[in-house]
Amino acid sequence: MAEEKKRKTSPAEFVNQVRSETSKIVWPTREETIRTAIFVFIMMVILSVFFLGVDALFSAVVQWLLSLA
């Protein structure tokens, strides 16, 4: 029964806290955003090719196993 009572925040205080927190955000530069997008695209292509190869390998193994039956 030793619950702490949580103090309710007024709407004005909430807005002030939100403004305070949003002022701490450091947004990336345009160059950083473009570089990250290019990196994500390259990784997506590499992983797509990798999973295509794994899928083709498993498909070939399953087809071979089914041909034995």
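The values are calculated or read from the model by the stated rules, or taken from the named source; none is laboratory data. Given the structure is predicted, the values throughout are model-derived calculations rather than measurements. Backbone-built Cβ (ideal geometry, glycine too); neighbour counts: all protein chains shown.
When Ala2, Ala37, Ala12 are checked against the criterion of being in a helix (DSSP H, G or I) and modelled with pLDDT under 95, a single residue qualifies: Ala12. Tallying residues that are among the acidic types (Asp, Glu) and surrounded by 10 or more Cβ atoms within 10 Å (Cβ to Cβ) within the range 1-60 yields 3. Return the total of residues in the range 15-34 being within 21 Å of the chain's Cα centre (by Cα) and not in a helix (DSSP H, G or I). Of the residues in that region, 5 qualify.
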